[in-house]
Amino acid sequence: MELKEMEAALEAILFAAGEPVGVERLCLGLETDRPTLDAVAQRLMDQYSYERRGLRLLRLDASYQLCSAPEYAGYVRKTLESRKPARLSQPALEVLAIIAYYQPVTRAYVDQVRGVDSSYTVGLLLERELIEESGRLAVPGRPILYRTTKTFLRSFGLSSLEELPELPSGTQEGDQMTLKLEEAIAAKQREEAGEDPADRPAPGEEETP
């Protein structure tokens, strides 16, 4: 298969899937190897970005997914307003930030960092599929461990957890981690939109997913 045809086939598969598709599965379907697939995917990424198309191709750990370009988010929201999920509350962002930075963690650990019970918020994040269970801690009672999901990465425009900024030294309480998570979201959106960092708004001015 020629590269141009492979690009079109990859685009068609990801569009039809509507969700992340694993690299191994893509290689099998396209009858190619990982380096070739990554090269084809990168060509598509560059084309979408250079031509300012309405789509973007995201690399999510060991998978790829098509999504809408962030600069057209306003049009998407306006047109599909009824489908937009509820905005995350401050407590939900705090819990999500703690799990994102320290995963896998137990709910007891989250409660300890926040100083309040987080059972309802953890349940809400599970329903939104932003976090998931990832086994149990090997201690008496075997509490459930939680980690973030690919839905979390997609929702915040991240390709991997490595794109989260490093936390500053010293106290790392819930509010501080929430702020850093919000900054990571805003920075990623500006990068994808090609905006000048000097034009960025002050923390708290941007809408969170």
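Brief remarks follow.
- Taking region 56-72 as the range and being open to solvent by 30 Å² or more (accessible area, probe 1.4 Å), of a type in the set (Gly, Ala, Ser) and more than 18 Å from Ala39 (Cβ to Cβ) as the test, only Ser68 passes.
- With respect to (1) assigned to a loop (DSSP other than H, G, I, E, B); (2) crowded, with 17+ Cβ neighbours inside 10 Å, the lone exception for Leu145 is condition (1).
- Answer from Gln112, Gln103 - the residue that is out of contact with any Cys (no Cβ under 7 Å at 6 or more places or on another chain), open to solvent by 40 Å² or more (accessible area, probe 1.4 Å), closer than 17 Å to Leu161 by Cβ and not hydroxyl-bearing (Ser, Thr, Tyr): Gln103
- Flag not set for Arg59, criterion: of a type in the set (D, E, K, R) and part of a loop (DSSP other than H, G, I, E, B).
- Residue within region 139-147 that is at pLDDT 90 or above and under 19 Å from the mean Cα position of the chain (by Cα) present: yes
- Look at (1) open to solvent by less than 20 Å² (accessible area, probe 1.4 Å); (2) touching a residue at least 60 places away in the same chain (Cβ under 8 Å) and you find that Ile131 fails only one, number (2).
- The single residue among Pro104, Pro91, Pro140 that is over 27 Å from Asp38 (Cα atoms) and touching a strand residue (DSSP E or B) at 6+ places or on another chain (Cβ under 7 Å) turns out to be Pro104.
- Against the numbered list (1) of a type in the set (Phe, Trp, Tyr); (2) exposed (fewer than 14 other Cβ atoms within 10 Å of the Cβ); (3) closer than 22 Å to Glu163 by Cα, Phe15 comes up short only at (3).
- Some residue of region 46-55 being closer than 23 Å to Gly157 by Cβ, at pLDDT 90 or above, out of contact with any Lys or Arg (no Cβ under 6 Å at 6 or more places or on another chain) and open to solvent by 70 Å² or more (accessible area, probe 1.4 Å): yes
- Subset of region 22-72 (residues that are free of Cβ contacts under 8 Å to residues at least 40 places away in the same chain and hydrophobic (A, V, I, L, M, F, W, C)): Leu26, Cys27, Leu28, Leu30, Leu37, Ala39, Val40, Ala41, Leu44, Met45, Leu55
- Single residue of Leu153, Leu167 found to be in contact with a strand residue (DSSP E or B) (Cβ under 9 Å, 6 or more places away or on another chain), modelled with pLDDT of 60 or more and open to solvent by less than 50 Å² (accessible area, probe 1.4 Å): Leu153
- Per-region count, region 103-126, residues part of a helix (DSSP H, G or I) and either more than 21 Å from the chain's Cα centre (by Cα) or modelled with pLDDT under 90 (or both): 9
- Single match in Ala8, Ala16 (criterion: at negative phi and more than 24 Å from the chain's Cα centre (by Cα)): Ala8
The values are calculated or read from the model by the stated rules, or taken from the named source; none is laboratory data. Since this is a predicted model, take the numbers as computed values, not measurements. Here Cβ is always computed from backbone atoms with ideal geometry, including for glycine, and neighbour counts include all displayed protein chains. Note: areas computed on protein heavy atoms with side chains; ligands, DNA, RNA excluded. Shrake-Rupley method; radii C 1.70, N 1.55, O 1.52, S 1.80 Å.
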